[in-house]
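The block underneath contains the structure these notes are about, expressed in C-alpha cells.
Any read-out appearing in this document is the output of simple, stated calculations on the displayed coordinates, not a laboratory observation. What you are looking at is a predicted structure, and each value in this text was computed from that prediction instead of being measured. Reconstructed Cβ throughout: ideal geometry from the backbone, glycine too, with neighbour counts over all protein chains shown.
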Amino acid sequence: MTESNRPAATSRATRTPVQIAALAVSAVFVVVGVLGFIPGITTNYDQLSLAGHDSGALLLGVFAVSALHNLVHLAFGVLGFALARTAAGARNFLIWGGVVYAVLWLYGLLIDHGSDANFVPLNNADNWLHLVLAVGMIALGLGLGRRVAARTA
C-alpha cells in the first residue's frame, strides 16, 4: 500500500495526540502483561496461579499478579491498539478504560484481600496504581481528546 492511498486512521503522520497517548498506554499494558509471565521480573513465580487471592506471585516484587491478571493486561493492551486506530476510539479507550480502573480501585479498597472476592488478585500496591491509572487515563482522554469531541459534536 502506498503512502497516498493509506487510510488516514493508520498513517503515522496523521495520528492525533490522543491516538499516540492511547498507543503508549496500550503498549505499557502489553509489556506489563508479558512481564507478569517472566520469572525474576515476577518474584515468587512458582506461586503464580491461574486466578485468586492465593497467587503469591508479585510483578517487580510489589504488584500481586496471577495468570488471569496478566492475560487481562494483555487483552486490555490489544483492545487499546485496536481502538487507537481512530481518534474517537482512542479517546473512548482512555476515558472508559480509566473508568474501569476507577471501579477496580474502589473494588480493591472494599473487598477483603484474603477472600474469594479477590479473584484477580489485588493488593494495596495494585489498588493505588489503579487509581493513578484511572486519573491519568481519564485526564489524557479528556485533555487530548477535546478536539475529537468538538469535531464529533
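Sorted on the mean count of surrounding Cβ atoms within 10 Å across their residues, most packed first, peptides 16-26, 117-127 read 16-26, 117-127. Between Leu71 and Val31, residue separation times 0.36 nm minus the direct Cα-Cα distance comes to 13.3 nm.
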